[in-house]
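Undergrad: Sharing a structure below in structure tokens format, with a few things to ask.
Every number in this text was worked out from the coordinates using simple rules, so none of it is lab data. Nothing here was measured: the structure is a model prediction, and the numbers come from that model. Here Cβ is always computed from backbone atoms with ideal geometry, including for glycine, and neighbour counts include all displayed protein chains.
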Amino acid sequence: MRIGLNGGGGINRLEEALEHARAAQRDGFPSYWLSQITGIDALTALAVIGSQVPDIELGTAVVPTYPRHPLALAVQALTVQAATGGRLVLGIGPSHKMLIEGMLGYSFDRPYSHTREYNQALSTLLRGEPTDFQGEQITARGKVGVEAQPPPVLIAGLGPRMLALAGSDADGTVTWMCGLKTVAQHIVPRVRAAAEAAGRPAPRIVVGLPVCVTDEPARARRQAAEKLALYGGLPSYRAMLDREGAKGPEDIAVIGNEGKVRGSLEELSASGATDLRATELCSTEEEAQRTRALLRGLQ
């Protein structure tokens, strides 16, 4: 299992993301990930990072699909792919009703069919082929003229149909708020089975988890509960927490001393996860250094 670092979606300064990615590359991590929420634009930031930080894969986890037409996203993603020398992994997903309807005013009706149609149009455009796609929710006509190899596409999946889509129609999935049991029993089997049935290569399964090496796990869990409280109330994440038997996000965070965290991550790797997208959720410099050292040592 490869271990990359997650920059998240709350970074407000490009310089912060750039330095975080530089540190990840210096420490030997194979990948660096940004989310698209209301902070800096993830793809733009990765283009800048890619021009200054070599030899590290750069991924989005994820870019919401509703606000960006497939033609627009294909143009941007291929441009970033060219800027980074082919190091982009494009994670996409429908996001959440709170963002799409509550903040943007778009309809969040039928997110699965939206994502399926969106990915159909996007994948054609990323290959540089013309499309004349007319679905129930997505219309896309035209061709992208950016010269770059198509990046791998990961679909954020939690429900059974979305996970199957990630395996059958994309290169895998990227998750958040899924505990070890849920990854092993729900995520991995569904994505793998769909990819195998579709005759596709083994899918990539990128699992995002908060991590903290500490001798004060109770305090670290209280901090995680406070910082991650929003996720516990979003319906799709709440469903995964319930599946895990977790009261809140703090219960699926990987927290404890070196032995405890190492054991949890070895369990995650054995479950079939191909990548960990680690969010370092530490409140002291000592915890941050211990967490980074452990993650480095597991490469």
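Undergrad: Is it the case that the range 171-187 has a residue that's over 20 Å from Arg68 (Cα atoms) and surrounded by fewer than 17 Cβ atoms within 10 Å (Cβ to Cβ)?
TA: Checked the range 171-187: at least one residue is over 20 Å from Arg68 (Cα atoms) and surrounded by fewer than 17 Cβ atoms within 10 Å (Cβ to Cβ).
Undergrad: Please work out which one of (1) out of contact with any Pro (no Cβ under 6 Å at 6 or more places or on another chain); (2) farther than 20 Å from Gly10 by Cα is the condition Gly256 fails and give its number.
TA: With (1) out of contact with any Pro (no Cβ under 6 Å at 6 or more places or on another chain); (2) farther than 20 Å from Gly10 by Cα applied to Gly256, the lone miss is (1).
Undergrad: In the range 148-161, what count of residues is obtained for those that are assigned to a loop (DSSP other than H, G, I, E, B) and either within 11 Å of Ala77 (Cα to Cα) or aliphatic (A, V, I, L, M) (or both)?
TA: Residues flagged as assigned to a loop (DSSP other than H, G, I, E, B) and either within 11 Å of Ala77 (Cα to Cα) or aliphatic (A, V, I, L, M) (or both) within the range 148-161 amount to 7.
Undergrad: Of the residues in the range 268-287, how many are assigned to a helix (DSSP H, G or I), more than 16 Å from Ile252 (Cα to Cα) and not aliphatic (A, V, I, L, M)?
TA: 3
Undergrad: For the range 55-70, enumerate the residues that are of a type outside the set (Ser, Thr, Tyr) and either in contact with a Gly (Cβ under 6 Å, 6 or more places away or on another chain) or surrounded by 18 or more Cβ atoms within 10 Å (Cβ to Cβ) (or both).
TA: Answer for the range 55-70, where residues must be of a type outside the set (Ser, Thr, Tyr) and either in contact with a Gly (Cβ under 6 Å, 6 or more places away or on another chain) or surrounded by 18 or more Cβ atoms within 10 Å (Cβ to Cβ) (or both): Ile56, Glu57, Leu58, Gly59, Ala61, Val62, Val63, Pro64, Arg68, Pro70.
Undergrad: Scan the range 278-299 and report the pairs whose first residue is without any contact (Cβ under 8 Å) to a residue 12 or more places away in the chain and whose second residue is part of a loop (DSSP other than H, G, I, E, B), with Cβ atoms within less than 6 Å and a gap of 6+ or a chain change.
TA: What qualifies is Ala288/Cys282.
Undergrad: Keeping to the range 146-160, report how many residues are exposed (fewer than 14 other Cβ atoms within 10 Å of the Cβ) and within 20 Å of Cys178 (Cα to Cα).
TA: The total comes to 1.
Undergrad: Step by step: first the residues of the range 87-122, then only those that are over 19 Å from Trp33 (Cβ atoms) and within 17 Å of the chain's Cα centre (by Cα), then the one that is surrounded by the most Cβ atoms within 10 Å (Cβ to Cβ). Which residue is that?
TA: Thr115
Undergrad: Criterion first (without any contact (Cβ under 8 Å) to a residue 24 or more places away in the chain, surrounded by fewer than 20 Cβ atoms within 10 Å (Cβ to Cβ) and part of a helix (DSSP H, G or I)) does Ala225 satisfy it?
TA: no
Undergrad: Also, quick follow-up: May I ask you to say which residue of Leu268, Leu281, Leu294 is within 18 Å of Phe29 (Cβ to Cβ), over 20 Å from the mean Cα position of the chain (by Cα) and surrounded by 17 or more Cβ atoms within 10 Å (Cβ to Cβ)?
TA: None of the other options fit; the residue is Leu294.
Undergrad: Let me ask something additional. Within the range 124-145, track down each residue that is surrounded by fewer than 17 Cβ atoms within 10 Å (Cβ to Cβ) and in a strand (DSSP E or B).
TA: Across the range 124-145, the qualifying residues are Asp132, Gln134, Thr139, Arg141, Gly142.
Undergrad: In the range 123-138, which residue that is more than 25 Å from Pro235 (Cβ to Cβ) and among the polar types (S, T, N, Q) is nearest to the chain's Cα centre (by Cα)?
TA: Among them, the one singled out is Ser123.
Undergrad: Separate question: Limited to the range 43-81, what total is found for residues that are farther than 15 Å from Gln149 by Cβ and of a type in the set (D, E, K, R)?
TA: 2
Undergrad: Turning to a different aspect of this structure: Within the range 173-188, count every residue that is over 21 Å from Gln76 (Cα atoms) and in a strand (DSSP E or B).
TA: 2
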